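Report on the structure given below.
The values are calculated or read from the model by the stated rules, or taken from the named source; none is laboratory data. In this text the structure is predicted, and so the values were computed from the model without any measurement. Cβ sites come from the backbone with ideal geometry, for glycine too, and all protein chains shown count toward neighbours.
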């Protein structure tokens with residue numbers, strides 16, 4: 001990726017050039033001799049004897065796929081031309097789902113830890129019966145000894161939905177713990193909660209079709225590297241730009257793949273995106289470009305916002321100092337945005353992974369609201385991956401439901417770590433997990449310590465990731481085609497039904513089977529019925545009251561259904577928040593209590609004030625950035641071992657009786673941390689990767705094999721580093737290594753080190769960046785960790 | 001003869017490298033027969049990506065260099081193919097190709113290259129990479145029709161004929177900014 005073949009250099013120069021190119025001198029044959037590429041034994045993929053429609057198991061695009069099967073083996077996957085979202089296209093990950101199945105690294109049998117953590121030789125193979133019997137016995141003992149609240153279950157985000165969202169929920173109800181959570185708090189729960197708080201529903205307004213998201217005239221993508229993270233959706237947006245029908249602005253500290261395609265790249269300082277939205281609103285109101293008719297009819301709290309922006313003087317000139325984006329450009333794009341009806345602003349994890357994630361998303365929603373950008377297709381503000389719409393669950397008799405008696409300890413699973421170690425405010429003693437807590441969570445060393453304090457820890461997954469050397473029990477999972485079921489949801493509310501295509505391999509089982517068998521061992525066999533091991537039977541039982549029946553899925557050529565489908569016969573709806581549809585199953589165009597977009601209300605004021613913040617957009621940055629630059633940042637009054645207060649944010653973020661932390665916005669008198677001269681930000685390495693799992697698939701791993709550090713040539717020259725050198729990136733909580741990649745397309749004061757790497761991956765070993773991320777500095781509303789704005793020093797290793 | 005070609009739009013390529021995986025899957029190859037080369041920004045240019053399959057040249061250097069006549073240009077559509085029965089594995093072709101497009105199957109000791117998925121063309125389908133490209137950056141068809149379409153859209157076609165082999169795969173330059 002970094003190197004370029006010498007022999008092609010001359011030829012390649014033409015690619016970047018936009019001016020006329022004359023005939024190119026190539027090197028002479030002798031100099032130009034390329035090293036022959038070894039292709040290996042080649043042979044065309046066999047013609048399938050069966051083509052099955054299924055859904056991709058990876059990201060939040062949820063693409064429909066045509067799976068080619070020959071003699072019981074999956075030989076290829078193609079896109080589905082009948083899918084209006086993908087138009088038959090597929091990114092690298094969807095295709096590599098074949099290599100995910102037929103993969104020599106797969107976990108093959110249940111394992112039990114019989115020696116010290118951290119060593120593969122500490123594990124011995126056991127039978128499923130022994131594993132599930134022992135796990136169930138330990139879970140029962142934890143409930144008796146410590147109360148049911150002492151079980152925590154991280155269900156991950158991208159495994160099969162019936163099991164992940166449905167059956168674990170049933171298990172939770174019967175066991176009585178408040179601690180079951182998905183990936184949201186590590187992903188985009190900040191966007192979910194912001195949308196809940198202002199529009200009254202979690203999902204963005206659009207669908208990824210050409211008549212909606214793909215049909216706008218103007219796009220601003222903020223902290224959203226769509227080209228790598230939402231590949232097929234961005235392909236269409238970029239197609240529209242090339243046709244001359246749309247402008248794209250990318251706001252990102254580095255020239256991402258998305259920024260490389262955009263008309264305008266705004267390299268913003270990490271952690272300050274909120275200031276951009278504030279200044280845009282300030283300018284729009286000053287120029288009288290806000291949509292008064294829309295505000296009058298559909299927005300609450302505009303006058304408060306207007307006065308607040310004026311009082312705080314969040315002007316473009318102020319924002320220039322904070323963000324590094326020139327005031328003139330902020331003014332220009334503000335005016336373009338206000339004057340363009342079909343204008344989309346999208347945020348993603350680049351905004352969510354901060355202590356100001358919730359309020360930043362909320363501020364962008366306000367910007368869209370005061371300019372009237374809701375109610376029609378191809379407009380609005382939204383964040384990716386803001387959660388599913390309810391699909392239903394199997395019924396549990398009311399008298400069998402165990403209601404938790406103690407408060408839920410925060411929204412983020414990262415909030416479970418300290419109670420596991422300190423036992424305060426009460427102990428968590430059992431932990432079931434999938435995904436990769438020891439790659440993904442911050443302060444990974446602390447999470448490893450927490451495992452030592454548990455009575456039982458269970459990890460279920462496909463590959464022998466680092467967790468399989470630390471948890472007590474390891475259960476091998478059969479993924480998508482071996483399992484059948486329902487894909488995870490897309491950004492724009494689609495799920496796809498996946499038929500059971502091939503038999504589970506090795507001794508792995510689908511999650512659905514594992515949870516049913518575990519439920520039976522818990523003594524709940526009347527609810528976790530054997531017949532539910534069949535994905536169609538289970539889907540019929542779960543979706544009894546909703547529109548997600550297997551029959552409806554399978555009647556569609558792309559096997560996809562878009563929620564909400566609150567009733568069996570509810571029609572699928574495209575754009576949300578229109579006058580005609582609002583949100584199916586909820587009241588009003590904007591299902592807040594008022595039926596309007598709520599920028600400020602007295603009720604909201606009380607909810608936020610209880611934690612020391614406001615529904616109005618008071619600017620602050622992440623703590624390390626604030627300390628380094630003398631900008632406002634959060635001080636935390638409650639730790640994860642404290643009782644804190646009970647969250648008032650019902651319907652926004654609170655799940656039942658949930659602990660919330662109190663904070664205070666601190667305005668520092670002077671900058672500190674002078675030793676740390678650089679900002680450190682993070683993100684997806686490339687379109688090939690999605691968590692730890694893709695690093696076990698060689699074809700994907702080859703596309704971005706090493707943890708790298710994008711560094712500007714000026715900085716690289718100062719520290720004597722060239723591309724390919726190993727550098728040490730040292731933050732406040734320690735250091736990691738990465739391969740230097742000298743790159744002109746990044747701010748001079750910022751380095752970018754991607755996530756998803758681990759020192760227990762098969763092809764390359766890199767200590768995860770998340771070892772030096774502070775898990776305790778989280779957004780007070782969404783509870784999200786700040787992964788994307790740290791300070792650091794970079795030196796040659 | 002009516003030459004077939006892939007038209008590569010450098011403005012539409014978003015660098016996802018779907019093409020590489022599709023080639024591996026379709027052709028059962030350990031290494032893709034195509035590749036994406038990333039062109040990092042230099043002196044203010046933008047990040048770009050270059051898709052590199054076989055150029056299926058009008059006068060293929062590989063074919064001219066082949067001592068056994070194993071590499072031939074198919075008469076009806078101009079696709080350049082290898083007759084593996086005649087290939088002796090000398091690799092002169094890979095030295096000759098100015099685009100570095102010729103590979104080698106070390107197990108079977110024969111040259112190996114992009115065929116525009118000739119087996120799919122025979123079924124009336126497009127090359128696998130073209131069909132899956134999320135960026136809509138790859139188009140496949142008769143070279144005259146494709147270049148006429150590009151010109152009608154005001155797009156500039158890059159001169160990539162430095163090797164004087166008259167490549168068929170052709171590139172639309174990035175739009176001026």
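Worth pointing out:
- Out of A:457, A:395, A:435, one residue alone is part of a loop (DSSP other than H, G, I, E, B) and buried (at least 23 other Cβ atoms within 10 Å of the Cβ). It is A:435.
- Answer from A:699, A:614 - the residue that is away from chain B (no Cβ under 14 Å) and either more than 28 Å from residue A:410 (Cβ to Cβ) or touching a helix residue (DSSP H, G or I) at 6+ places or on another chain (Cβ under 6 Å) (or both): A:614
- The condition of being at pLDDT 95 or above, crowded, with 23+ Cβ neighbours inside 10 Å and more than 19 Å from residue A:355 (Cα to Cα) does not hold for residue A:717.
- Options B:108, B:17: the member that is in contact (Cβ under 8 Å) with a residue 12 or more places away in the chain and either touching a strand residue (DSSP E or B) at 6+ places or on another chain (Cβ under 6 Å) or away from chain A (no Cβ under 14 Å) (or both): B:17
- The requirement of being within 15 Å of residue B:8 (Cβ to Cβ), in contact (Cβ under 8 Å) with a residue 12 or more places away in the chain and either facing another protein chain (nearest Cβ under 8 Å) or not in a loop (DSSP other than H, G, I, E, B) (or both) is fulfilled somewhere in the stretch B:93-102, by at least one residue.
- Annotation: residue A:504 fulfils all but one of (1) without any contact (Cβ under 8 Å) to a residue 60 or more places away in the chain; (2) outside any loop (DSSP other than H, G, I, E, B); (3) more than 27 Å from the chain's Cα centre (by Cα); the unmet one is (2).
- Residues within the stretch B:124-156 that are out of contact with any strand residue (DSSP E or B) (no Cβ under 6 Å at 6 or more places or on another chain), facing chain A (nearest Cβ under 10 Å) and over 17 Å from residue B:36 (Cβ atoms), tallied: 4
- For the stretch A:530-547, a residue qualifies if it is out of contact with any strand residue (DSSP E or B) (no Cβ under 6 Å at 6 or more places or on another chain) and touching a residue at least 60 places away in the same chain (Cβ under 8 Å), and the qualifying residues are A:532, A:538, A:539, A:541, A:542, A:543, A:544, A:545, A:546.
- Condition broken by residue B:171, with the remaining ones in (1) more than 11 Å from chain A (Cβ to nearest Cβ); (2) in contact with a helix residue (DSSP H, G or I) (Cβ under 9 Å, 6 or more places away or on another chain); (3) not in a loop (DSSP other than H, G, I, E, B) satisfied: (1)
Condition check ((1) assigned to a loop (DSSP other than H, G, I, E, B); (2) loosely packed, with under 14 Cβ neighbours inside 10 Å; (3) more than 25 Å from the chain's Cα centre (by Cα)) across all residues:
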position: A:525; (1), (2), (3): yes, yes, yes
position: A:528; (1), (2), (3): yes, no, yes
position: A:564; (1), (2), (3): yes, no, no
position: A:570; (1), (2), (3): yes, no, yes
position: A:573; (1), (2), (3): yes, no, no
position: A:578; (1), (2), (3): yes, no, yes
position: A:582; (1), (2), (3): yes, no, yes
position: A:585; (1), (2), (3): yes, no, yes
position: A:605; (1), (2), (3): no, no, yes
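- Screening residue B:166 with (1) more than 10 Å from chain A (Cβ to nearest Cβ); (2) assigned to a loop (DSSP other than H, G, I, E, B); (3) touching a strand residue (DSSP E or B) at 6+ places or on another chain (Cβ under 9 Å) gives one miss only, at (3).
- Residue B:89 more than 9 Å from every other protein chain (Cβ to nearest Cβ) and part of a loop (DSSP other than H, G, I, E, B): yes
- Boolean, residue A:163 is surrounded by fewer than 24 Cβ atoms within 10 Å (Cβ to Cβ), touching a residue at least 60 places away in the same chain (Cβ under 8 Å) and in a helix (DSSP H, G or I): no
Conditions tested, residue by residue: (1) within 14 Å of chain B (Cβ to nearest Cβ); (2) part of a loop (DSSP other than H, G, I, E, B); (3) over 21 Å from residue A:348 (Cα atoms).
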residue	(1), (2), (3)
A:643	no, yes, yes
A:652	no, yes, no
A:668	no, yes, yes
A:671	no, yes, yes
A:676	no, yes, yes
A:691	no, yes, no
A:695	no, no, yes
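- Subset of the stretch B:20-55 [under 20 Å from residue B:168 (Cβ atoms), in a loop (DSSP other than H, G, I, E, B) and within 7 Å of chain A (Cβ to nearest Cβ)]: B:33
- Only one of A:247, A:287 that is surrounded by fewer than 24 Cβ atoms within 10 Å (Cβ to Cβ), closer than 25 Å to residue B:134 by Cα and assigned by TED's automatic domain parsing to the domain that holds residue A:333: A:247
- Across the stretch B:111-122, the qualifying residues are those that are assigned to a loop (DSSP other than H, G, I, E, B) and more than 8 Å from every other protein chain (Cβ to nearest Cβ), and the one among them that is surrounded by the fewest Cβ atoms within 10 Å (Cβ to Cβ) is B:122.
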